[in-house]
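The values are calculated or read from the model by the stated rules, or taken from the named source; none is laboratory data. Every value quoted in this text rests on a predicted model; they were computed, and no experiment measured them. So basically every Cβ, Gly included, is an ideal-geometry build from the backbone, and we count neighbours across all protein chains shown. Accessible surface is based on the protein model in full, side chains and every heavy atom, while ligands, DNA and RNA are left aside. Shrake-Rupley method; radii C 1.70, N 1.55, O 1.52, S 1.80 Å.
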Amino acid sequence: QICNQHNAEAPNLEQAFHRMAQPEPNLDHDVSWFLLPSYWAKTVVALISFLCFANSYDGDFVFDDSEAIINNKDLRAETPLGDLWHHDFWGSKLSSNTSHKSYRPLTVLTFRINYLFAGGFYPVGFHVINIILHCTISVLMVDVFSILLGGLQFSNKGRRLNLAPKTSLLAALLFAVHPVHTECVAGIVGRADLLCALFFLLSFLGYCKAFRENKEGHNFSMFWVLVSVILGAIAMLCKEQGITILGLNAVFDALVINKLNILELIQKLLHKEKSLENAGLLRKGLLFRITLLMSGGASILYIRWRIMGTGPPAFTEVDNPASFADSLLVRAINYNYYYSLNAWLLLCPWWLCFDWSMGCIPLIKSVSDWRIIALAALWFCLIGLICQALCSEDIHKRRILTLGLGFLIIPFLPASNLFFRVGFVIAERVIYLPSIGYCILFTYGFSLLSKQAKKKKILAVAVLGILLINVMRCALRSSQWRSEEQLFRSALSVCPLNAKVHYNVGKNLADKGNQSAAIKYYREAVRLNPKYVHAMNNLGNILKERNELQEAEELLSLAVQIQPDFAAAWMNLGIVQNSLRRFEEAEQSYWTAIKHRKKYPDCYYNLGRLYADLNRHIDALNAWRNATVLKPEHSLAWNNMIILLDNTGNLAQAEAVGREALELIPNDHSLMFSLANVLGKSQKYKESEALFLKAIKANPNAASYHGNLAVLYHRWGNLDLAKKHYEVSLKLDPTAPGTKENYNLLRRKLEQLQKKGG
C-alpha cells in the first residue's frame with residue numbers, strides 16, 4: 001500500500017536524540033511512497049535487485065573476461081599468491097611497459113578463489129558471486145541513503161535512527177535497478193567495481209559509527225575512524241576509485257556532523273577572520289579527523305605508487321582520442337562532452353554499449369558543433385545545484401544537495417581525465433559509484449515535487465513506472481551480456497561508427513567459422529578506422545586461408561607499416577610470403593616478429609616449417625625445439641620434430657623426442673600416432689600397437705590411424721586384424737592415399753594363402 005502519512009513516531013523522537021544530533025525536517029513528510037520496516041525494506045531491495053540480473057547467472061565469459069580471467073595466469077594454482085601483489089589486473093607485471101597499471105590484487109584473488117572452487121573456468125560461479133555482491137550492496141544502500149537523506153542520529157541506546165524510511169527505500173530501489181549497472185553485474189570483470197563499492201560503503205558506515213557516543217562520553221571513536229581508513233584502503237585494492245571514500249567521509253563529517261556552512265566558511269577565510277572555530281572548522285575535532293583521513297589517504301597512495309612505479313600506463317589514440325588532441329580547448333570541450341554523456345546515461349540509460357571508443361563519439365573540433373548544447377545543459381544544471389547547495393538558507397537542503405553532488409562527482413574524478421589519461425572514452429562500469437549521488441538528487445527532487453503536487457499518488461505511480469521500466473531494461477541488457485554474439489550485435493545500433501564493435505562482431509563470426517560474414521565486418525572496421533591494425537591482421541588471416549594471398553599481403557604489410565612492433569602481423573605476413581614462395585622475405589618477417597616478441601612459440605613453429613620446406617633440417621629442428629621450450633604443450637612443434645626425424649631416418653632420435661613429448665602432453669592422440677609410426681618402423685610392434693589403439697580410442701574417426709595400424713598388423717603378420725582396420729579406414733575415407741593399394745595387396749595375399757591351404 002502506498003502511504004501518504006507522516007511517520008507517527010517522528011514527533012516523539014526528539015527526546016531520544018543525543019545532544020550532538022538535532023532533529024531536522026523530515027524528508028518523508030510529503031512523500032507518497034511505501035513505508036516498510038527496515039528488514040522488509042532490505043528484503044524487497046534484495047529480491048528486486050536479484051530479479052534484475054538473475055538471468056545473467058549462466059552467461060559465458062565475454063569481452064574483457066577472456067583477458068582478465070581465462071588468459072590470466074594469476075588465477076591458476078601454480079602461480080604463487082605473492083605474484084598477485086606485483087601484477088596488474090590482467091596478469092602483467094606492473095613494471096612492464098605494456099601494463100595498464102590497474103592494481104586490483106584483491107579482485108584477482110576472488111577470481112582465483114572462484115577458479116579453485118569451480119575446478120576450472122566455469123562461468124556460473126563467477127556470475128553468481130557478482131549477482132550476490134550487487135544484491136548485498138543494494139541492501140547496504142538502504143542504510144547509506146537513510147543517513148544521507150535523513151541525517152545521522154542515534155537513540156539513547158546507541159541505535160541509529162532511520163528518519164527517512166520511505167525516501168531511503170526509494171533511493172535504494174533506484175540504485176538496485178539502474179540499467180547502467182548491468183556491465184558491472186553481468187560482466188565478470190565488473191567484480192572490481194562491485195567489491196570496491198562494497199568496501200566503499202562499509203568504510204562510510206564505519207565512519208558513521210565513530211559518532212555513536214561511547215562509554216567515556218567522547219564525541220567520536222578513534223577506532224572507527226581508523227577502521228574506515230583501512231576499509232577505504234581495501235576498496236582501493238579492489239579498484240582505484242575506492243580511495244575517494246576518504247574524501248567523501250570528510251565532506252560528510254563537515255556537513256552532517258559539524259553542520260558546517262561552506263559559503264560562510266569561505267567568506268570568513270576570504271576576509272581573513274580568525275574565528276574559524278566559530279565557523280565550525282575546529283568544532284568536535286573536525287580538523288583532527290580530516291587530518292587523519294588525509295594522512296591515511298596519502299599513505300595509501302604513496303604505498304600504491306611505490307608498488308606500481310612512476311611510469312603512467314600506455315594508451316593509444318583510439319582508446320581516448322580527446323586526450324591526444326593538440327589543443328587544450330579541444331580537450332576541455334570533449335572531456336566536458338563526455339561528462340554530459342555520462343550524466344545522460346544516468347538519466348536515460350537506454351542506449352548502452354560495451355565499448356564507446358574508436359569513433360563511437362566523434363571529437364568536437366569547433367564551437368559551432370551542435371553538441372556544445374549538451375555541455376551548456378550540463379553546466380547549467382550543475383551550477384544551479386551548486387548555488388542551491390551553497391547559498392540556500394535551508395540547512396537541510398544544503399546538506400542533501402552537497403552530499404548528492406559529492407557522491408556524484410568525487411567517485412568519478414579518477415575517470416575524469418583531470419589527473420591522468422584514462423584508457424576509455426566512456427565506461428558504464430565507472431558510473432556504478434557516482435550513481436549513488438544521482439539517486440540522492442533524484443529522490444530529493446521527487447520529495448520536492450511531492451511537496452508541491454496535489455495528486456501525490458499519480459507522482460508515486462510515475463516513479464513506480466520508471467522503476468518497472470528499469471527492471472525490464474536490466475533484464476534485457478543482462479540477457480545481451482550472456483554471450484559475445486548478443487553483446488557485440490547489441491552495440492551495432494548504439495555505436496555504428498565504432499570500429500571495435502564491427503571488429504568484435506567479425507571476430508565472433510570468424511570463431512564460429514562464418515568467414516564470409518566476418519570479412520564484411522572486418523572490412524567495415526578498417527573503413528571506419530584505416531589505422532586499425534588488429535582488424536587488418538584478422539582480415540589478412542582469413543584472406544590467407546581463402547588463398548587470396550595478394551590482398552592478404554597488402555593488408556598485413558600496411559599493418560606493420562602503421563605499427564612496426566606488431567609481432568602477430570609480422571608472423572602472419574611471413575606465412576603469406578612463405579605461401580607465395582618468397583622464402584627470404586618470409587624468414588625476415590618471422591625474425592622481425594621474434595625481435596618484437598621474444599617469447600613467441602607460434603612464430604618459431606612457423607619458422608621451422610619454412611626451414612623444413614627449404615630442406616634446412618637442422619634449422620627446422622632448432623626452431624621447433626625453441627617453440628617447445630617456450631610452450632611445452634605445443635603439440636604441432638613436437639609432432640613436426642618427430643615426423644622430420646622419422647622421414648630422415650633418425651628413428652632413435654624420433655623415438656626419444658616422441659617419448660619426451662608424451663610425458664608433457666600424455667593425452668595428445670596425434671603424438672601417440674606419430675610415435676606409434678616410429679616404433680612400428682623400429683619393429684617394436686607390441687608397443688606400437690598399444691599406442692595406435694590408444695590414439696584410436698581418443699579419436700576413433702581418424703582414417704589414417706586405422707590405416708597405419710593396418711600397415712603395422714600387415715608387417716607383423718596379423719593379417720585378419722590388418723584386413724579389419726584397412727576396411728574401417730576405407731569406410732571413413734575411401735580416397736585415403738595408399739590405403740586402397742595396401743588393402744588390395746593384403747587381399748591378394750589372403751587369396752594366395754587360401755589357395756595353398758585348399
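Observations on the model:
- Scattering curve values for the range 498-596, log₁₀ I(q)/I(0), Debye with Cα scatterers, q = 0.10, 0.16, 0.17, 0.18 Å⁻¹: -0.24, -0.61, -0.68, -0.76
- Anisotropy class of the range 321-466 from Cα gyration tensor, a/c 1.5 cut: prolate
- Förster radius 51 Å - calculated FRET efficiency between Leu549 and Ile466, Cβ distance, rounded to 0.05: 0.35
- Working ranking of peptides 317-329, 236-248, 133-145 by packing, defined as the average number of other Cβ atoms within 10 Å per residue, highest first, is 236-248, 133-145, 317-329.
- Only Lys, Arg, Asp and Glu carry charge here, each on its Cβ (+1 for the first two, -1 for the last two); on that basis the range 46-166 has a dipole of about 700 debye about its Cα centre.
- Each label was represented as a point 7 Å from its Cα along the Cα-to-Cβ direction; for Met222 and Phe419 these points are 2.8 nm apart.
- Carbon plus sulfur fraction of accessible area for the chain, probe 1.4 Å, in percent: 59 percent
- Accessible surface ranking that places the most exposed of Ile410, Ile562, Ile188 first, with a 1.4 angstrom probe: Ile562, Ile410, Ile188
- Dipole of the chain, positive end: most advanced residue of Tyr705, Ile575, Asn615 [Cβ charges, Cα centre]: Tyr705
- Potential extension, Gln683-Ile458 segment - 0.36 nm per residue separation minus Cα distance: 71.9 nm
- In a reduced charge model with +1 at each Lys and Arg Cβ and -1 at each Asp and Glu Cβ, the range 321-466 shows a dipole moment near 620 debye about its Cα centre.
- Among the listed pairs Lys686/Lys723; Lys724/Lys755; Lys631/Lys684, those with a Cα-Cα distance over 27 Å are Lys631/Lys684.
- Estimated FRET transfer efficiency (Arg76, Arg371; beta-carbon r; R0 35 Å; 0.05): 0.15
- The chain, accessible area per residue, ligands and nucleic acids excluded (1.4 Å, Å²): 47 Å²
- Each of Thr291 and Lys724 was given a label point 7 Å from its Cα along the Cα-to-Cβ line. The distance between the two points is 9.0 nm.
- In the chain, the DSSP-assigned H stretches of four residues or longer account for a calculated mean residue ellipticity at 222 nm of -20500 deg cm²/dmol, using -39500 (n - 2.57) per stretch and the full residue count as denominator.
- Among 37-46, 525-534, the order from most to least packed when residues are scored by Cβ within 10 Å on average: 525-534, 37-46
- Taking all protein chains as shown and a probe of 1.4 angstrom, Trp85 keeps an accessible surface of around 110 Å².
- Taking all protein chains as they are arranged and a probe of 1.4 Å, the heavy atoms of His87 leave approximately 30 Å² accessible to solvent.
- Cα long-axis angle, helix 165-176 against the chain (0 to 90 degrees, to the nearest 10): 20 degrees
- Approximate spin-label separation Asn699-Thr316, in nm, with each point projected 7 Å along Cα-to-Cβ: 3.5 nm
- Cα-based helix-to-principal-axis angle, 583-596 vs the chain, degrees rounded to 10: 30 degrees
- Between 0 and 90 degrees, the angle of helix 651-664 with respect to the longest Cα principal axis of the chain falls at about 20 degrees.
- Of the residues Arg473, Arg546, Arg482, the one with the largest accessible area comes first in the ranking Arg546, Arg482, Arg473, computed with a 1.4 Å probe on protein heavy atoms.
- For Glu663, Glu587, Glu67, the ranking by accessible surface with the largest value first comes to Glu663, Glu67, Glu587, using a 1.4 Å probe.
- Taking all protein chains as shown and a probe of 1.4 angstrom, Thr291 keeps an accessible surface of around 70 Å².
- Once you reduce the range 519-560 and the range 129-161 to the center of their Cα atoms, the two points are 54 Å from each other.
- Ranked by how many other beta carbons lie within 10 Å on average, peptides 707-717, 743-753 from highest: 707-717, 743-753
- The computed percent of Cα pairs over 47 Å apart for the structure shown corresponds, within (1) 31; (2) 36; (3) 26, to (2).
- Length added when fully stretched, Trp379-Phe50, from 0.36 nm per residue minus Cα-Cα: 114.9 nm
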